[in-house]
Structures are given as C-alpha cells and as structure tokens.
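A.B. asks: The structure's right below; bear with me while I get my questions together.
The values are calculated or read from the model by the stated rules, or taken from the named source; none is laboratory data. Values in this document were obtained by computation on a predicted structure and should not be read as measured data. Cβ atoms come from the backbone with ideal geometry, glycine included; neighbour counts cover every protein chain shown.
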Amino acid sequence: MIGPSWDSPRPFILPVTPQAADIDGLDHTNNAVYVRWCEEAGWAHSNALGLTLADYKRLDRGMAIRRSEFDYIFATGQGEALLLGTWLLPGDSPLSMQRRFQLVRQSDSTTVLRARWDLVCIELSSGRPKRLPPEFSGIYLPAFAAL
C-alpha cells in the first residue's frame, strides 16, 4: 500500500481512531469530534516544537483561532484507523499564522477532512492582539511548511 499523499511535505502526525462515544445518530464520526482532534493535534504539535500551555501562560501570549474552516469530505466510522496531519504556514500579518489539517484514512490513504485555522497572537491577560514574542517567532517561524 502506498502511504498518504500529504498536502504538506512534512506534517506533524497524530494517529486517531473514532470510539463508540464519537459516533453520532447517523452512525458516523460526529463533526465536533474532528474539531476536538484538530485541537489535540495542534497542541501536540506545539508541544513537540517546544511551546507548551505553561509557556503561553508564562509569556502572557497565545495563538487564538480567529477563523476556522472544515471541509468534511468523507464520513468515518467507529474503529477506523486515521492519521491527522497538521502544519503551520505564515499568516497575513506579523501577528498571525495559519494551521492546516488533513485527516487521512489509513486503510486506503483517502483524505476524509481538510481544515484551516487562521490564528492571531493575543495577550492572554487582555485578549488584545500582540506581536509574536521572540520565543514564539524562534520556534513557530522555522516550522512553517514549505509548500
């Protein structure tokens, strides 16, 4: 079997599998579960890069979702092995960046979901947009995907 054809050359990958509690009345994975998985993948990627929630709090800065898009391409079901890839891209200002997601079914390498978050750096104590602190720039900017 040929592996997934990722939209980015080197995504961070989080394996996920829908459990019984993730299945909705239509017998497929509930859309809210995909959103939760994306949040989990984003934090796992950030942690792997070296920025944790504790760092966000210490620096009084965070990357907040300004806008999100989810394209649900195919349904998934209980027990299906899936791979959720994520990567970062530059945003449209010095305060922002994008996080992209691609969810792939392992059995046939089919992309079942694509998502995009537009993120803005905020000061946690005020909620106001702020420039990325040097710690963020030094870690996140080198991680931007080369598409």
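A.B. asks: Please specify each residue of the stretch 118-147 satisfying the condition of being assigned to a strand (DSSP E or B) and in contact (Cβ under 8 Å) with a residue 60 or more places away in the chain.
C.D. replies: Let us first name the residues in the stretch 118-147 that are assigned to a strand (DSSP E or B), namely 118-123, 129, 144.
Listed by number, the residues that qualify are Cys121, Ile122, Glu123.
A.B. asks: Within the stretch 51-96, can you find the residues that are in contact with a strand residue (DSSP E or B) (Cβ under 7 Å, 6 or more places away or on another chain) and more than 30 Å from Gln19 (Cα to Cα)?
C.D. replies: Tyr56, Asp60, Arg61, Gly62, Leu89, Pro90, Gly91, Leu95, Ser96
A.B. asks: Can you find even one residue in the stretch 123-140 that is among the small types (Gly, Ala, Ser) and under 30 Å from Ala21 (Cβ atoms)? Spell out how you get there, then give the answer.
C.D. replies: First, pick out the residues of the stretch 123-140 that are among the small types (Gly, Ala, Ser): 125-127, 137-138.
Imposing the further condition that a residue be under 30 Å from Ala21 (Cβ atoms) reduces the set to none.
For the stretch 123-140, residues among the small types (Gly, Ala, Ser) and under 30 Å from Ala21 (Cβ atoms): absent.
A.B. asks: Oh, and also: Residue check: is Asp55 modelled with pLDDT of 95 or more, in contact with a Ser or Thr (Cβ under 6 Å, 6 or more places away or on another chain) and among the acidic types (Asp, Glu)?
C.D. replies: Details: modelled with pLDDT of 95 or more: yes; in contact with a Ser or Thr (Cβ under 6 Å, 6 or more places away or on another chain): no; among the acidic types (Asp, Glu): yes.
So Asp55 fails the test.
A.B. asks: Give just the number: which of (1) of a type outside the set (Ser, Thr, Tyr); (2) at pLDDT 95 or above; (3) surrounded by fewer than 13 Cβ atoms within 10 Å (Cβ to Cβ) does Trp6 not satisfy?
C.D. replies: (3)
A.B. asks: Could you count how many residues in the stretch 68-112 are under 17 Å from the mean Cα position of the chain (by Cα), among the hydrophobic types (A, V, I, L, M, F, W, C) and under 19 Å from Ala44 (Cα atoms)?
C.D. replies: Of the residues in that region, 10 qualify.
A.B. asks: Additional query: Given the conditions (1) closer than 18 Å to Ile13 by Cβ; (2) in contact (Cβ under 8 Å) with a residue 40 or more places away in the chain, which single one is not true for Trp43?
C.D. replies: The failed condition is (2).
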